1. Apply the Karplus curve 6.51 cos²θ - 1.76 cosθ + 1.60, θ = phi - 60°, to the phi angles in the range 35-45 and return the couplings in whole Hz, x for Gly and Pro.
2. As a footprinting exposure proxy, order Arg110, Arg40 by other Cβ within 10 Å, with the fewest listed first.
3. Mind scanning Lys34/Lys97; Lys81/Lys103; Lys34/Lys90; Lys34/Lys103 and naming the pairs with a C-alpha gap bigger than 29 Å?
Amino acid sequence: MRSKQGTTIQKSEKSIKSQSEYSDHNVSYTSTRKDMLSERLVNSGEQARLEEYLKQKFIDVGWKDDLKNHAKQFIRENGLKIVHKEDLYKLLSVKGKETVPMKLREDIVRRLERFIIELEQEEEGEYDDEDDDI
């Protein structure tokens, strides 16, 4: 014989499971699109081009040197023996993200948007070609 409390718990678990499945579906759809975009970026060589472009831009605007100087200052202030790699990594990750110039961020976003638009146009062209067969 089941207790009333046990039945309530089972219903709650089912509700949580269905909510979880719903959110998993949305996450899955989003991650699938991200995965597809990542794959296309890599396969087309665009990711490597963007990485090289960014590396050069970081040097040109002095971001890389600023970050390196920040690391040196942190080590001088805290002592090399006291500083752990993980702490330095966290510090530089935060500092690096905070100090990327807005114009550079906008430039990269525009380049990615352009890439996505080109992908969509290619896909539309593929669908148009399929319609010709009908």
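None of the figures in this text is laboratory data; all of them are computed from the coordinates on show. Everything numeric here is computed off the predicted structure, so don't read it as measured data. Ideal geometry is used to build each Cβ from the backbone, glycine not excepted, and the neighbour counts take in all protein chains shown.
1. Whole-Hz 3J(HN,Hα) from phi for the range 35-45: 4, 5, 5, 4, 4, 5, 4, 5, 4, 7, x.
2. Values: Arg110 10, Arg40 16.
Ranked by crowding around the Cβ, least crowded first: Arg110, Arg40.
3. Working: Lys34/Lys97 21 Å; Lys81/Lys103 38 Å; Lys34/Lys90 25 Å; Lys34/Lys103 24 Å.
Going by Cα-Cα distance, Lys81/Lys103 fall outside the 29 Å limit.
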